[in-house]
Amino acid sequence: ELLFEALRRDHAAKEPTNLLASMLVTGDRPVEALMKQFYLEALRYDRDCILSYAMLATQTPEAKTTKLLDGRVMSKRQLYLEVLRCNPHYTNAYATLGSLSFHGEKVTLGDGRVMSEQQMYIEALRC
């Protein structure tokens, strides 16, 4: 509770937010609900927090969605697309989007590129 209150009060805490998120991932694993809430709070103050989008994507099952605090409802795929919007060189996002794609399916990225499963894997290798 204190951590979330500190985040609510310190709207400029982008670097501390990323640091605290990293500590949650690499330290003792708290319950997933606490981690999810932390990542949602981090996005409230930094919509470009790649770590938060990536971690929410890993926690979101393929057939489910995650509701962000700003009201957006996002699937696993949409969360990884947000990662790429923030950082178009994030290798894991391309590889995961490739694995989420059905054979022959094309995915439109935020920058307008349309990529097949194979193209996403190739892009992951380029990054």
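Below, the figures for the structure above:
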read-out: In the stretch 30-86, residue least open to solvent (accessible area, probe 1.4 Å) [restricted to those that are among the basic types (Lys, Arg) and modelled with pLDDT under 90]; value: LYS36
read-out: Qualifying residues in the stretch 101-114 (those that are within 14 Å of TYR80 (Cα to Cα) and part of a strand (DSSP E or B)) - the one most open to solvent (accessible area, probe 1.4 Å); value: THR108
read-out: The stretch 87-100: number of residues that are in a helix (DSSP H, G or I), hydroxyl-bearing (Ser, Thr, Tyr) and open to solvent by 40 Å² or more (accessible area, probe 1.4 Å); value: 2
read-out: Scope the stretch 83-117; condition touching a Gly at 6+ places or on another chain (Cβ under 8 Å) and within 17 Å of ASP46 (Cα to Cα); matching residues; value: LEU84, ARG85
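The values are calculated or read from the model by the stated rules, or taken from the named source; none is laboratory data. None of the values given here were measured: they were computed from a predicted structure. Positions of Cβ are backbone-derived with ideal geometry, glycine not excepted, and every protein chain shown enters the neighbour counts. Side chains included, ligands, DNA and RNA excluded: accessible areas come from the protein's heavy atoms. Shrake-Rupley method; radii C 1.70, N 1.55, O 1.52, S 1.80 Å.
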